[in-house]
1. Right, ILE221: open to solvent by less than 60 Å² (accessible area, probe 1.4 Å) and within 15 Å of the ligand (Cβ to nearest atom) or not?
2. What is the number of the single condition among (1) touching a helix residue (DSSP H, G or I) at 6+ places or on another chain (Cβ under 9 Å); (2) outside any loop (DSSP other than H, G, I, E, B); (3) not aromatic (Phe, Trp, Tyr) that GLN215 does not meet?
3. Which of the residues that make up the stretch 440-468 are out of contact with any Leu (no Cβ under 8 Å at 6 or more places or on another chain), outside any strand (DSSP E or B) and in contact (Cβ under 8 Å) with a residue 40 or more places away in the chain?
4. Any residue at all in the stretch 307-320 that is in contact (Cβ under 8 Å) with a residue 12 or more places away in the chain, surrounded by 19 or more Cβ atoms within 10 Å (Cβ to Cβ) and not assigned by TED's automatic domain parsing to the domain that holds HIS392?
5. So, in the stretch 208-218, of the ones that are touching a strand residue (DSSP E or B) at 6+ places or on another chain (Cβ under 8 Å) and open to solvent by 20 Å² or more (accessible area, probe 1.4 Å), which residue ends up farthest from the ligand (Cβ to nearest atom)?
6. If you take the residues in the stretch 145-199 that are among the aromatic types (Phe, Trp, Tyr) and either near the ligand (Cβ under 9 Å from one of its atoms) or in a helix (DSSP H, G or I) (or both), which one is farthest from LYS458 (Cα to Cα)?
7. Six or more apart or on different chains, Cβ under 9 Å: which pairs go from a residue in the stretch 141-153 that's farther than 14 Å from ARG129 by Cα to one that's open to solvent by 60 Å² or more (accessible area, probe 1.4 Å) and modelled with pLDDT under 95? Could you list them?
8. With the checklist (1) open to solvent by less than 90 Å² (accessible area, probe 1.4 Å); (2) without any contact (Cβ under 8 Å) to a residue 12 or more places away in the chain; (3) in a loop (DSSP other than H, G, I, E, B) in hand, flag the one item GLY59 doesn't pass.
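The values are calculated or read from the model by the stated rules, or taken from the named source; none is laboratory data. Predicted, not measured: the structure shown is a model, and the values here were computed from it. Because the Cβ atoms are built from the backbone with ideal geometry, glycine has one as well, and the counts that use them run over all protein chains shown. Ligands, DNA and RNA are excluded from the accessible area calculation, which covers all protein heavy atoms including side chains. Shrake-Rupley method; radii C 1.70, N 1.55, O 1.52, S 1.80 Å.
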Amino acid sequence: ANYPENIDLENCSKEPIHIIGKTQSFGVLLVCDPLSFNVIQAGINTPEHFSLSPKEIIGQPLTTVLGEEQVENLRSILGKKETLIPQEVSVKGKKFLLQAHFSEINLILDFEPIEEIKDPFFFQKQLTRVLNKIQDSNSINELCNSAAVLTREIFGYDRVMIYKFDEEWNGQVLAENKIEELESWLGLHYPSTDIPSQSREMFLKHQIRMISDVQYTPVRIEPELSPLTGKPLDLSKSGLRAVSPIHIEYLTNMEVGASLSAAIIVQGKLWGLIACHHRTPRFLNYYQRESCRFLAQMLSTELALHESNNFINKTEVSGRVLTGLVDQLKQKGDIIEALSEGPVRFTDLISCTGGAIYFGGKWKLQGNVPSAPELEILMNNFLLHQEAGIYHTRNLATVFTPASDYQKEASGLLSLRITESKYILWFRQEVIQTVSWGGDPNDKTFYNEEKKRLSPRKSFKKWSNERKGISEDWKDFDVSAARDLGDKVSHTLLSKQRKEITGLN
Ligand code: BLA
């Protein structure tokens, strides 16, 4: 293909989705000067919602839309800094939910039409059941399944998925609940570029995103630049923010008519999403969206609990191994011997297929590992240049090419440097995996001449490939076990030196 220069998937993360300058059409956006309360910008769909043309509103006092009393009310609420609490207002006899927030010095007002809510306590009535279901789960898998089922029951989308990110921000569908007609995407993988970094950051901050009608006509905001700042409006905090055209094309190719995504955040990090799809347009009002956000938070808390229990269990086991190693270090004069020849060995500390110790110019190898000369080259040409004392990878050959000679036994490496001439290494073998993707991630994108931009892949049909040269990944508790052993060995070394200097025993 003939790509213009500088067009590659990196460009996805440069899509300026926060200053898109348009809104979705399910509501109306107005911008006010917070001092005068004059309307300075407006979405051009005011006629549909307010029966007032943009000309009748822009440059006019906000009272033109809301009347004296409601504006006065808004003023006093803003004074109290309760900006994010939405207010029910009426415009020409029609009811709206008004959400006010600041974007720089622009006062942004989101208006969403609101109908009489049939059962305002619908979600609250489900709460006990939701909590019980979520807290009763015995595993992360069961938990994710329950969350998918509950989300679909309560919010009624055609397909609900629990989508989890990996370390490289690729993702996988861990759980799914859907209407029968749709084909299953359970277990499928998707590349990181499908949800670029700026979109993930937005989820971390705002947690929920509704696209109520994928086939909507984007609504322009007039004038384009804020008269207060002279810049495009940052719409990050507005629920009405229009959608990146690339993503609209993506959803269209997926035959999705509406989506709702809620962030799953574990220990401050975006762990995944509750991703909901509907084949036709679907609108949830603000209160329903907040309920979904809340459900995602309950799921997040429970996931954090499962993950930390897992961590505690693993560290309990490695704690016992470490105690054994420390006893051996106290008893034996030789550190290599203490770590590799007693009833407990350093390779028992961390799940691995082999290990190596380099101490005082000598190698001690255990299990299935590369040869000493190969390790010597790895150490001198690669490990010595790593800044951190602990280095790990599940894919050594991609960062250090000579390692492709021994990738079968050593795709994964966890390295602990005690001093420049003292190393402990753990290896993990290659695990060849068949990975199924939602569409071939290699031809996901092409440059669309007509649209002058990237287009997402057309097909999301299952596509499988084999992953080679990759081991099981190293977990936080593996790294923390290595760190603990490093501390103990350093301590032993120090006290030995002290004894040698003072001659005490
Ligand atoms: C946004 N991409 C998203 C979002 C999801 C996905 C969930 C958040 C918005 C939403 O809720 O719809 C991706 N959706 C998925 C995946 C599954 C799913 C993986 O259901 C799996 C089942 N996308 C591309 C390419 C680019 C791109 C090539 O495929 C860039 C060139 C961009 N995706 C992109 C952008 C957004 C996005 C810019 C942000 C959209 C917005 O908020 O305006």
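1. No.
2. Of everything listed in (1) touching a helix residue (DSSP H, G or I) at 6+ places or on another chain (Cβ under 9 Å); (2) outside any loop (DSSP other than H, G, I, E, B); (3) not aromatic (Phe, Trp, Tyr), GLN215 misses just condition (2).
3. If the condition is that a residue be out of contact with any Leu (no Cβ under 8 Å at 6 or more places or on another chain), outside any strand (DSSP E or B) and in contact (Cβ under 8 Å) with a residue 40 or more places away in the chain, then PRO441, LYS451, PRO456, ARG457, LYS458, SER459, PHE460, LYS468 are the ones that fit.
4. Among the residues of the stretch 307-320, at least one is in contact (Cβ under 8 Å) with a residue 12 or more places away in the chain, surrounded by 19 or more Cβ atoms within 10 Å (Cβ to Cβ) and not assigned by TED's automatic domain parsing to the domain that holds HIS392, which makes the answer yes.
5. ASP213
6. PHE155
7. GLU142/ASP136
8. Among (1) open to solvent by less than 90 Å² (accessible area, probe 1.4 Å); (2) without any contact (Cβ under 8 Å) to a residue 12 or more places away in the chain; (3) in a loop (DSSP other than H, G, I, E, B), the lone unmet condition for GLY59 is (2).
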